[in-house]
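The values are calculated or read from the model by the stated rules, or taken from the named source; none is laboratory data. Just so you know, these numbers come straight off a predicted model, no measurement behind them. Virtual Cβ from ideal backbone geometry, glycine too; neighbours counted across all protein chains shown. These area figures cover heavy atoms from the full protein model, side chains too; ligands, DNA and RNA do not enter into them. Shrake-Rupley method; radii C 1.70, N 1.55, O 1.52, S 1.80 Å.
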Amino acid sequence: MIDSHSPSPPAVERRGGAWLVVPALLIGGLGVFMLAGGAWLAWLGGSLYYLLAGALMVASAVLLLRRRAAALHVFAVLVVGTIVWAISEIGFDWWQLVPRGDLIFLLGALLLLPPVVRRLSPRGWRPAAAPLAVALVAAALVALVTAFHRDHDRPGRLDMAATAAPAPASGDWAAYAGTWAGQKYAPWSQITPGNVDKLALAWHVHTGDRKRPSDPGETTYEVTPIKVGDTVFLCTPHDLVLALDAETGQRRWTFDPRIEVTQHMQHLTCRGVSYLATPGAGSDCARRVFVATNDARLIAIDAASGRRCAGFGRGGDVDLRRGMEVGPHGWYQGTSAPLVARGLVIVGGAVYDNIATHVPAGVIRAYDARDGHLVWNFDPARPDATAPLPAGQRYTPSTPNMWSTAAADEALGLAYFPMGMGAVDQWGGHRPAWTERFATTVLALDLATGRPRWAFQTVHHDLWDMDVPAQPALVDLDLPGRGRVPALVQSTKTGNIFVLDRRTGRPLLPVTERRVPGGAAPGDRTAPTQPFSAASLMAERPIAERDMWGGTMLDQLACRIKFRRLRYEGPFTPPSLQGTLVFPGNFGVMDWGGLAIDPVRQIAFAHPNYMAFVDRLVPRRDSNIPGVGPSGGSDMHGSSEHGYNPNKGAPFAVELNPFLSVLGLPCQAPPWGYVAGLDLRTGKVAWRHANGTIRDETPLPLPFKMGVPSLGGPMTTAGGVAFLSSAIDDYIRAYDVRDGRVLWRARLPAGGQATPMSYISPRSGRQFVVVVAGGHGSLGTRLGDSVLAYALPK
């Protein structure tokens, strides 16, 4: 008897046919995409793999629809070919292998499902499916083996033979980098590789200063606190200055300058405050804290009470806009800790990047620390006319500026300034002689007069926004055949680390001029050569098509096409109308956080980044050029979210973006961020390790160590431990400076894009490590307002 409700054999066949139609459509659709994209890539001179893979996929899809077991065999050839091609192209790098074959592996697994195989091979599973099964097992084994391969790490060990110097009597961290030598070195050894894992949270304070609706697009906590006596001082993005008890974190006072925030500001940032004891100033303001504000004021605050020092400037303030053509209020900002040396407070300022060719002056000014009168001013256009500017005159607009933090050697009578670019960055056709002389240099000025003593240029005719971003570090080095030499170590965005004689500016480690690509935009030129230092964290080789990456093989293919369409001839390829790949991009191998230096062991701890950007010049005659641009070189979202860098007054605007896939992932393969140890006596990199995870960059808290970008600075200690909090995964980590091993880490409540500091508390005698975690607007890390202190248990 036949069940009247049972489907007929043809109906069963039609229903079961979906097991072949669906895989055929998936594989065929992917194959058509691969054929089209692969043909485009091949036409651009790229890899033929995608074209051939697309052909195999289409063939497999057609065979599936014809119910041929050969569909599985063709797909097995694709899997094996993909394994061979991927390994031959990039070796055993798991993070690069996976997106080359992820979709192929999943589709191959789909084809091995019993309902699929039964419809292709009535004789049984083995004859049809065995080759594909073997190929997929081989692919899985390759993935498993390479998951433990660390091809990008460079194990090694620094020579630690030097004996530690005795700790100073003071337990203070009295300046932005500990001292005005800029070393970021804590000369205390309570915390060691043997006990750092016992660090515990001692106190946690909220500043109360968070992003407000009226703020400009980028708000950042980049501050390094200072500590003098029993008090920690720090500032916030809105320039609130806080005084905290060094032992407990209890707030003693808060000073609010009530800055005038405008949308013309590029960002809100305060990297630090400065301190000076002024004997003879009387009981009022005998100890004072200085802050340079975002609305262009220099303010002196009584360290004891938190009130303005009435005898400084006008009621405690000096107007930094005086004597310059400022443009809209907000184009000139104080963002970094003022230099305090020989009774002077010396300031530069941040100028709005690439908004126009006519912007505020890059003048550096020295004020008397007691009463705030102007002592000297360095105008790059009039370098020898450093006497205070007469009333009614103006500083030269659009000159190179010093937006970061300076250093000083009072014994030599010199101050050292990391100089940026005069307007604008990516087109230099109309730059005057003083910009070509002082832009992108390490500049030494006489502390007494402000006159230039020497300048060392790190990039000639800079077209890539390669400002010298970090405070110079001063250290005495024992060099073979020369004895102990007073050195200056300058980290740069290019990755060059210049080791100079700080008396003369001459290189102590070799610097060679090498030819670089030419062919600037119309009306501009390029420098025929650029300096390359023997001490370097530059990328080990130029980026290539095989370095393209993505979440899948599809966006990896799109990145390959994008790469082939850009102009790229290695480092210093000039910006172009076509679009130029800039690697490393203006995010910098190292930015304002710089290096941390152990002056006893004569080593440096660094955190290099390798992120590519794309610069495309856009003729300003195009009617769609907006009037505002992005938030600057540390912006990982790029100008696509904000409009162009308008460069008003220049023939070209600039479209500036990180080199990202259609999914928003970097087009270049990880790692993007490392930690590294250098021997400063030789300039050699002793070890290097990928640093940081993607835990806070994905919907799920994935702990994969990929090596992520970091923006901030490290600190080293006499105990042989370095600290870094600035990776984008919201951790503070401790490292063994000998080999870079992570010894300890703690979760932060927000992004830690700042530089840790350390001190000895006079109350308990314990060594504290303090970090500020408030996040970074343009990096997209979690925002907050936390100050956290760690110490060993009592």
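The residues of the stretch 692-707 that are under 22 Å from residue 156 (Cβ atoms) and touching a Ser or Thr at 6+ places or on another chain (Cβ under 7 Å), listed by number, are 692, 705, 706. Selection of first residues in the stretch 142-159 that are over 13 Å from residue 87 (Cα atoms) and outside any strand (DSSP E or B) and of second residues that are of a type outside the set (Phe, Trp, Tyr) and open to solvent by 40 Å² or more (accessible area, probe 1.4 Å), restricted to Cβ pairs under 8 Å at least 6 apart or on distinct chains, gives the following pairs, ordered by first then second residue: 157/738; 158/738. Against the definition (in contact with a Gly (Cβ under 6 Å, 6 or more places away or on another chain) and free of Cβ contacts under 8 Å to residues at least 60 places away in the same chain), how does residue 435 come out, yes or no? Yes; evaluated as a whole, the condition is true for this residue. Has the stretch 170-182 got any residue that is among the acidic types (Asp, Glu) and surrounded by fewer than 24 Cβ atoms within 10 Å (Cβ to Cβ)? Looking for residues that are among the acidic types (Asp, Glu) and surrounded by fewer than 24 Cβ atoms within 10 Å (Cβ to Cβ), one finds at least one in the stretch 170-182, hence yes. Within the stretch 567-608, being in a loop (DSSP other than H, G, I, E, B) and either β-branched (Val, Ile, Thr) or on the phi > 0 side of the Ramachandran plot (or both) holds for 570, 572, 573, 579, 588, 589, 594, 600, 602.
Go through the stretch 493-539 and give me each residue that's farther than 28 Å from residue 690 by Cβ, among the polar types (S, T, N, Q) and not in a loop (DSSP other than H, G, I, E, B). Within the stretch 493-539, 512, 529 meet the criteria.
Scanning the stretch 353-380 for residues that are small (Gly, Ala, Ser) and farther than 21 Å from residue 405 by Cα yields one hit, 356.
Considering the stretch 495-504 alone, what residues qualify as being of a type outside the set (Asp, Glu) and open to solvent by 10 Å² or more (accessible area, probe 1.4 Å)? The answer is 502, 503, 504. Per this entry, residue 490 is counted among residues that are crowded, with 18+ Cβ neighbours inside 10 Å, in contact (Cβ under 8 Å) with a residue 40 or more places away in the chain and in a strand (DSSP E or B).
When each of 362, 327 is tested for being touching a residue at least 24 places away in the same chain (Cβ under 8 Å), of a type in the set (Gly, Ala, Ser), within 22 Å of residue 393 (Cβ to Cβ) and open to solvent by 40 Å² or more (accessible area, probe 1.4 Å), the lone residue that passes is 327.
Each residue in the stretch 303-324 was checked for being surrounded by fewer than 22 Cβ atoms within 10 Å (Cβ to Cβ) and not polar (S, T, N, Q), and 14 pass. Filtering the stretch 245-263 to residues that are farther than 13 Å from residue 233 by Cβ and surrounded by fewer than 17 Cβ atoms within 10 Å (Cβ to Cβ) leaves 248, 250, 256, 258, 260, 262, 263. Considering only residues of the stretch 106-119 that are touching a residue at least 24 places away in the same chain (Cβ under 8 Å) and not hydrophobic (A, V, I, L, M, F, W, C), which is surrounded by the most Cβ atoms within 10 Å (Cβ to Cβ)? Looking at residues that are touching a residue at least 24 places away in the same chain (Cβ under 8 Å) and not hydrophobic (A, V, I, L, M, F, W, C), I get 108. Of the helices (runs of 4 or more DSSP H) contained entirely in the stretch 1-105, those carrying at least 3 residues that are open to solvent by 70 Å² or more (accessible area, probe 1.4 Å) and at pLDDT 95 or above fall at 18-43, 70-90. Each residue in the stretch 634-680 was checked for being modelled with pLDDT under 95, of a type in the set (D, E, K, R), surrounded by fewer than 23 Cβ atoms within 10 Å (Cβ to Cβ) and not in a helix (DSSP H, G or I), and 2 of them qualify. Taken together, the criteria exclude residue 434 from residues that are open to solvent by 10 Å² or more (accessible area, probe 1.4 Å) and part of a loop (DSSP other than H, G, I, E, B). Go through the residues of the stretch 752-759 one by one and say whether even a single one is over 18 Å from residue 588 (Cβ atoms), at pLDDT 95 or above and either among the hydroxyl-bearing types (Ser, Thr, Tyr) or open to solvent by 10 Å² or more (accessible area, probe 1.4 Å) (or both). Checked against the condition, which is being over 18 Å from residue 588 (Cβ atoms), at pLDDT 95 or above and either among the hydroxyl-bearing types (Ser, Thr, Tyr) or open to solvent by 10 Å² or more (accessible area, probe 1.4 Å) (or both), the stretch 752-759 yields at least one hit.
Among the residues of the stretch 453-463, those identified as open to solvent by 10 Å² or more (accessible area, probe 1.4 Å) and within 23 Å of residue 425 (Cβ to Cβ) are 455, 456, 457, 460. Residues in the stretch 189-214 that are over 18 Å from residue 241 (Cα atoms) and surrounded by fewer than 18 Cβ atoms within 10 Å (Cβ to Cβ): 189, 192, 194, 195, 197, 198, 200, 201, 213, 214.
For every residue, the table says whether it meets (1) in a loop (DSSP other than H, G, I, E, B); (2) open to solvent by less than 10 Å² (accessible area, probe 1.4 Å); (3) closer than 22 Å to residue 273 by Cα.
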residue	(1), (2), (3)
388	yes, no, no
398	yes, no, no
412	yes, no, no
417	no, yes, yes
424	yes, yes, no
429	yes, no, no
477	no, yes, no
486	no, no, no
